[in-house]
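Structure first, commentary second.
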Amino acid sequence: MIAAFKASGAKLACLCSSDKVYAAEAIDAAKALGAAGATHIYLAGRPGELEAALEGAGVHDFIYVGCDVVATLQAAHGILCLN
């Protein structure tokens, strides 16, 4: 995952998986993406009880049914325009 992220030249990353995989791997994945240069990390889904740990690992935003997708996309565009 990290090699592909670095090769992509992307600045934003979105972790997409199941709750079971998030519980086992999302914290380490977010830390690795941050160390690899991701300036903003999203997680697709509600964080639940992992929210504080995920934010501590570098997840900035959560994308889920009912979130303000337009605001999220506008913020992502702003991040890309600043970098």
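The values are calculated or read from the model by the stated rules, or taken from the named source; none is laboratory data. Keep in mind it's a predicted model, so treat the numbers as computed, not measured. Positions of Cβ are generated from backbone atoms using ideal geometry, with glycine treated the same way; all protein chains shown enter the neighbour counts. To get the accessible areas, we keep the full protein, side chains included, count just its heavy atoms, and leave off ligands, DNA and RNA. Shrake-Rupley method; radii C 1.70, N 1.55, O 1.52, S 1.80 Å.
The residues of the range 68-83 that are under 12 Å from THR39 (Cα atoms) and either touching a residue at least 24 places away in the same chain (Cβ under 8 Å) or polar (S, T, N, Q) (or both), listed by number, are ALA76, ILE79, LEU80, ASN83. Checking each residue in the range 11-36 for being at pLDDT 95 or above, under 20 Å from LEU73 (Cβ atoms) and surrounded by 14 or more Cβ atoms within 10 Å (Cβ to Cβ) picks out LEU12, ALA13, CYS14, LEU15, LEU33. Could you list all residues from the range 53-67 that are without any contact (Cβ under 8 Å) to a residue 24 or more places away in the chain and either part of a strand (DSSP E or B) or of a type in the set (Val, Ile, Thr) (or both)? Across the range 53-67, the qualifying residues are HIS60, ASP61, PHE62, VAL65. Entry remark, the range 37-52: residues being aliphatic (A, V, I, L, M), touching a residue at least 24 places away in the same chain (Cβ under 8 Å) and surrounded by fewer than 14 Cβ atoms within 10 Å (Cβ to Cβ) number 1 in total. Looking at TYR64 and the list (1) open to solvent by less than 70 Å² (accessible area, probe 1.4 Å); (2) of a type in the set (Ser, Thr, Tyr); (3) over 23 Å from ALA4 (Cα atoms), which single condition is not satisfied? Condition not satisfied by TYR64: (1). Of the residues VAL70, VAL59, the single one that is of a type in the set (Val, Ile, Thr) and under 9 Å from the mean Cα position of the chain (by Cα) is VAL59. A residue that is in a loop (DSSP other than H, G, I, E, B), within 12 Å of the chain's Cα centre (by Cα) and free of Cβ contacts under 8 Å to residues at least 40 places away in the same chain cannot be found anywhere in the range 25-34.
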